[in-house]
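Asker: The structure is given below, and queries will be raised subsequently.
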Amino acid sequence: MRAAGRAMRVLSAFHHASGPLSLSEIAARAALDRSAVQRLVHTLVKLGYMRRSPDDRGYLPGIRLLDHTLDVLRLDPVVQKATPVLLELRKTVRERVDFSLYDETRLVYALRMQSKRETFYATLVGHSVPTFCTAGGRAVLSALSDEAAREVVMRSRLHQFTSKTVNDPDAILALIARARSDGYAVVVDEFVQGEVAIGVAVAGRDGAPLGAIHVAGSLSEWTPEAFVRHAAPVATEAARAINGSL
C-alpha cells in the first residue's frame, strides 16, 4: 500500500508542471527521498506510465495514463448522460460548451466543445478551475446549503485572477445565493478577461451537485445581458434533461 501511495505521489508531481521534471524535482514535489523516487520512476517507465522527455533531460507522464482517462470518461454515468445533451446544446448556442465534475474547491473538465475561439488549455480534458469564481463553480455551490457552501469557500484559495475577480467570502456567498435563486450563475471578466460565462449545476437524485454545464462567450461579441438571454434558458434546459436521466 505504501508503494502504491508513493507511486501516485510521483505521478502527481506533474500537476502544474510547465515541462519535463528531473528526478530531484520529482522528489521535491512528491516530498520523497531521491533514491526512492529513482526506483519508482524506473518501474513507472517500464510500465509505460512515465517516459523520458524528447531532449532526454527529464521525465514526462507516459501515454498509458490516457488509458485511465478514457476509462474514467467512458464509465462515468454522468458523463455518459451529459455527452449527447451537450452536443445538442453546442449546436444551439454556437459558443463554447463544457461539462465539469465537482471536486469541492475545484471543477475538473470532462467534456470540452469549442467555439471559434480556441486556446490550448481550453481544449484539454482534465483541466481544473476553482469553484469560488467560475460560473460552473458558483452554480454547483448554489446546490449546497449555505453552511456547506461557506465551508467550501473558506477552504478555497481566493486568488484574484483578474481585476474583477470577487474574492471577498461574503460577496461570493451573496453571488452563490443569487445563483440559487436564478437557477444559474453568471460570471463576467472574473476568471477569463473578456469572457462572459453561464453555469448551471447538474445534481443527483438527492440534490447533491455532481458537476456543471458551462457556456462561455466573448464580450467583444456579446453584452452580458444579451448572452444571458441567449444561453441561460437552453443551458438550464440541458441541465434539467441530464438531471432527469440520472
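Asker: Any idea which of (1) surrounded by fewer than 18 Cβ atoms within 10 Å (Cβ to Cβ); (2) out of contact with any helix residue (DSSP H, G or I) (no Cβ under 8 Å at 6 or more places or on another chain) is the one residue 92 doesn't satisfy?
Answerer: So residue 92 meets the others, but not (2).
Asker: Let me ask something else. Would a scan of segment 71-93 turn up a residue that is in a loop (DSSP other than H, G, I, E, B) and within 24 Å of residue 232 (Cβ to Cβ)?
Answerer: The answer is no, given that none of the residues of segment 71-93 is in a loop (DSSP other than H, G, I, E, B) and within 24 Å of residue 232 (Cβ to Cβ).
Asker: Contact list please: Cβ distance under 8 Å, first residue in segment 56-85 and under 30 Å from residue 20 (Cβ atoms), second residue open to solvent by 50 Å² or more (accessible area, probe 1.4 Å) and part of a helix (DSSP H, G or I), pairs at least six apart or on different chains.
Answerer: 58/25; 59/45; 62/45; 62/47; 64/47; 74/80
Asker: Those residues that are assigned to a loop (DSSP other than H, G, I, E, B) and closer than 24 Å to residue 128 by Cα, I need them from segment 1-52; list them, please.
Answerer: Start the filter on segment 1-52 by keeping residues that are assigned to a loop (DSSP other than H, G, I, E, B), which leaves 1, 13-20, 22, 31-33, 48-49.
Result: 13, 14, 15, 16, 17, 18, 19, 20, 31, 49.
Asker: Only one of (1) modelled with pLDDT under 95; (2) open to solvent by 60 Å² or more (accessible area, probe 1.4 Å); (3) under 19 Å from residue 200 (Cα atoms) fails for residue 55. Which number is that?
Answerer: (3)
Asker: If you go through segment 61-76 one residue at a time, do you hit one that is touching a helix residue (DSSP H, G or I) at 6+ places or on another chain (Cβ under 6 Å) and open to solvent by less than 40 Å² (accessible area, probe 1.4 Å)?
Answerer: Filtering segment 61-76 down to residues touching a helix residue (DSSP H, G or I) at 6+ places or on another chain (Cβ under 6 Å) leaves 73.
Imposing the further condition that a residue be open to solvent by less than 40 Å² (accessible area, probe 1.4 Å) reduces the set to none.
Scanning segment 61-76 turns up no residue that is touching a helix residue (DSSP H, G or I) at 6+ places or on another chain (Cβ under 6 Å) and open to solvent by less than 40 Å² (accessible area, probe 1.4 Å).
Asker: Across segment 97-117, which residue is modelled with the lowest pLDDT among those that are in contact with a Ser or Thr (Cβ under 6 Å, 6 or more places away or on another chain) and among the hydroxyl-bearing types (Ser, Thr, Tyr)?
Answerer: 109
Asker: Let me ask something additional. Answer yes or no: is there a residue in segment 145-152 that is in contact with a strand residue (DSSP E or B) (Cβ under 8 Å, 6 or more places away or on another chain), hydrophobic (A, V, I, L, M, F, W, C) and at pLDDT 95 or above. Break it down stepwise before answering.
Answerer: Within segment 145-152, the first condition is being in contact with a strand residue (DSSP E or B) (Cβ under 8 Å, 6 or more places away or on another chain), and the residues that meet it are none.
No: zero hits.
Asker: While we're here: Six or more apart or on different chains, Cβ atoms under 6 Å: show the pairs whose first residue is in segment 139-164 and more than 23 Å from residue 200 (Cβ to Cβ) and whose second is open to solvent by 90 Å² or more (accessible area, probe 1.4 Å) and β-branched (Val, Ile, Thr).
Answerer: That search, which allows pairs on different chains as well, returns nothing.
Asker: I've got another one for you. Going through 216, 208, 185 one at a time, which residue ends up being in contact (Cβ under 8 Å) with a residue 60 or more places away in the chain and within 17 Å of the chain's Cα centre (by Cα)? Can you show your working first?
Answerer: On the way: 208 fails: within 17 Å of the chain's Cα centre (by Cα); 185 fails: in contact (Cβ under 8 Å) with a residue 60 or more places away in the chain.
Being in contact (Cβ under 8 Å) with a residue 60 or more places away in the chain and within 17 Å of the chain's Cα centre (by Cα) holds for just one of 216, 208, 185, which is 216.
The values are calculated or read from the model by the stated rules, or taken from the named source; none is laboratory data. It should be emphasised that the depicted structure is a prediction, and the values quoted were computed from it without experimental measurement. Glycine also receives a Cβ, built like all others from the backbone with ideal geometry; neighbour counts cover every protein chain displayed. We work out accessible area using only protein heavy atoms, side chains counted, and drop any ligands, DNA or RNA first. Shrake-Rupley method; radii C 1.70, N 1.55, O 1.52, S 1.80 Å.
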